[in-house]
Amino acid sequence: MMPRRRFLAGSLASAAVASPFGIVRGAPVTFSADPYTLGVASGCPRENSIILWTRLAPRPLEEGGMPPSPVEVEWQIAEDEGFAHIAAKGVVRATAELAHSVHAQATGLRPGRVYWYRFRAGSAVSPVGRTRTAPAAGNGNGRFRFAFASCQQYEQGYYAAYRDMAARDLDLVVHLGDYIYEKSWGTRHVRQHGVGIPMTLGEFRNRYALYKSDADLQAAHAAFPWLSIWDDHEVADDYANDRSYTTRDPERFLKIRAAAYQAYYEHMPLPPSAHPIGPNATIYAHYRFGDMLDLLLLDERQYRSAPACVQTGRPATVPDCAERTEKVRTMLGDSQERWFDARLGDRRGRWTVVAQQTLMAEAKRKDAEGGDRFRMDGWDGYPNARRRLLDSIVTHKVRNPVVIGGDRHAFFAADLKCDFSRPHEATIAAEFVGTSITSDGPGESSVRNALAGNSDLIYANGEKRGYAVVALDARSCTVGFEALEDVKDAHSAVRRLATFAVEDGVPGVKAA
Ligand code: FE
Ligand code: CA
């Protein structure tokens with residue numbers, strides 16, 4: 001059974017009429033079925049350019065079902081929905097090496113405006129996507145709105161959050177990782193992976209195809225440009241660099257990581273600079289949105305030190321040990337850390353958003369003996385690396401730093417301090433963690449304990465699934481936590497659970 005494809009319902013009808021592209025070149029390619037089963041997407045918005053994505057996959061769950069030969073795909077981006085005013089167009093070769101995915105870079109665009117785009121292969125025309133370029137500096141634009149999301153285990157719920165998101169007026173979506181899950185877990189599944197844990201490139205491609213066949217996810221991609229970073233489940237649970245408690249041989253694990261990174265690249269609107277070379281790929285990046293926002297995307301999986309205090313076991317929440325506070329431990333790796341510091345020195349936006357994978361604020365847990373336990377997979381397992389990152393923010397006198405994260409399957413709002421052991425130290429940044437789109441949350445008691453034992457955590461809710469919306473203007477950054485009524489209901493309503501603000505020039509979280 002193929003999942004429903006509501007978003008594509010109209011596309012085959014339009015494909016049957018004469019090609020609106022007006023150009024026929026190369027050998028005609030024909031498809032036995034609609035090749036746009038995974039939708040269209042755009043990403044990496046710059047002032048004058050954007051990446052346009054699709055993948056030809058007439059049989060999505062059978063590695064796409066394309067012949068091994070390359071296919072020429074035309075793309076168009078227009079100033080109007082009817083494509084009367086084409087702003088840019090081109091032809092790219094979709095090859096079997098990249099699963100017949102298309103990453104077209106549309107250039108020569110105008111800043112801060114909406115565009116529409118589509119693809120054609122043979123007589124098959126894609127659905128139309130909408131996107132938006134980044135605003136230019138100095139144009140006095142009054143506001144910028146984006147949503148951030150993470151953690152979308154397919155079996156545990158429906159993507160009603162994306163249906164809700166797609167209907168909003170947003171400039172951007174930021175995805176903070178766990179876009180796919182490699183494994184089945186949790187209870188009360190509403191749909192199935194149907195196969196086991198992916199290890200090979202073909203298996204990872206099929207996992208992305210399954211997730212991306214969802215109509216609501218496709219709608220959110222087709223409505224806004226996206227920026228994305230991965231977390232652990234795009235590869236393996238709680239992995240760190242070349243260490244994985246599920247595949248202990250690093251050489252074997254890096255083969256899995258190479259396949260996983262390539263499949264991620266193939267399925268996201270990423271720039272050519274993110275193309276993997278073996279098990280390595282550069283996804284950390286800096287995006288500017290006029291005078292309003294500098295957005296720094298971090299990669300906290302690929303370069304981090306091995307988890308502390310757990311040997312080769314799972315990096316769970318365990319008692320402290322000396323290894324945890326070793327100076328040399330890194331989360332970003334040396335080059336990304338230097339890059340981050342340099343980018344902070346070259347920002348121009350009123351707001352600086354650090355988009356990263358997990359909760360940055362300290363969230364220790366008291367055990368029965370009164371000792372502190374730390375979650376070794378998160379920033380608490382890398383306290384000196386966290387301190388260096390926050391020191392960079394202080395050194396560069398970043399005007400309005402806001403950290404956003406995912407991974408925890410709970411909403412959090414927190415004040416960030418260079419030294420969490422000193423409760424009266426000045427707050428230097430605000431942090432917001434979105435919950436999960438679908439993935440099961442922590443129990444209520446664990447969230448309550450976190451709030452009670454960590455004075456810098458201001459708010460936590462692990463009961464609700466959903467996402468967060470951020471509205472920036474000259475005076476404030478307003479963050480809304482949007483919660484699903486019922487993740488097991490494909491048509492669930494979404495309601496605002498809580499609203500927080502950061503005021504221009506005043507670091508930290510305020511109630512709004
Ligand atoms: Fe997750
Ligand atoms: Ca995660």
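Read-outs: derived from the displayed coordinates by stated rules, not from any lab. Source: prediction; values computed, not measured. Counting neighbours? That spans all protein chains shown, and the Cβs are built from the backbone with ideal geometry, glycine included.
The table for this structure:
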read-out: Cα-projected label distance for Arg110 with Asp341, points at 7 Å along beta-carbon direction, nm; value: 4.3
read-out: Lys/Arg +1, Asp/Glu -1 at C-beta; the stretch 274-392 dipole; positive extreme among Phe289, Gly333, Ala361; value: Phe289
read-out: Net charge over other residues, Cβ less than 13 angstrom from the Cβ of Asn461 (K, R count +1; D, E count -1); value: +3
read-out: Whole-Hz ³J(HN,Hα) from phi, Karplus 6.51 cos²θ - 1.76 cosθ + 1.60, for the stretch 366-378, glycine and proline x; value: 7, 9, 4, 8, x, x, 8, 10, 10, 7, 6, 7, x
read-out: Residue-averaged [θ]222 nm for the chain, counting only DSSP H segments that reach four residues, each worth -39500 (n - 2.57); value: -5000 deg cm²/dmol
read-out: Sequence-distant residues sharing a close amide H with Ala87 (under 5 Å, placed H); value: Ile77, Ala78, Glu79
read-out: Cα-based Kirkwood hydrodynamic radius, the chain, one decimal, Å; value: 23.2
read-out: Potential lengthening between Thr427 and Glu503 on full extension [0.36 nm per residue; Cα-Cα distance subtracted]; value: 26.0 nm
read-out: Cα-centre dipole for the chain with unit charges at Cβ (Lys and Arg positive, Asp and Glu negative), debye to 20; value: 740
read-out: Neighbourhood net charge (10 Å Cβ-Cβ; Lys/Arg +1, Asp/Glu -1) for Ala493; value: -3
read-out: Zone residues, the stretch 453-476, relative to Ala512, backbone N less than 15 Å from point 7 Å out along Cα-to-Cβ; value: 467-476
read-out: Label point distance in nm, Arg143-Ser69, each placed 7 Å from Cα along Cα→Cβ; value: 5.2
read-out: Where Cα atoms sit under 20 Å apart: lysine pairs in the chain separated by 8 or more or lying on different chains; value: 10
read-out: Cβ-Cβ FRET estimate between Thr187 and Ala493, R0 fixed at 22 Å, reported to 0.05; value: 0.45
read-out: Per the chain, cysteines lacking a partner by the 4.7 Å Cβ criterion; value: Cys44, Cys151, Cys418, Cys477
read-out: Amide proton proximity set for Val29, modelled H, under 5 Å, gap of 5+; value: Gly122, Ser123
read-out: Residue-by-residue Karplus 3J(HN,Hα) for the stretch 321-330, coefficients 6.51, -1.76, 1.60, Hz, glycine and proline x; value: 8, 4, 4, 4, 9, 5, 4, 6, 5, 10
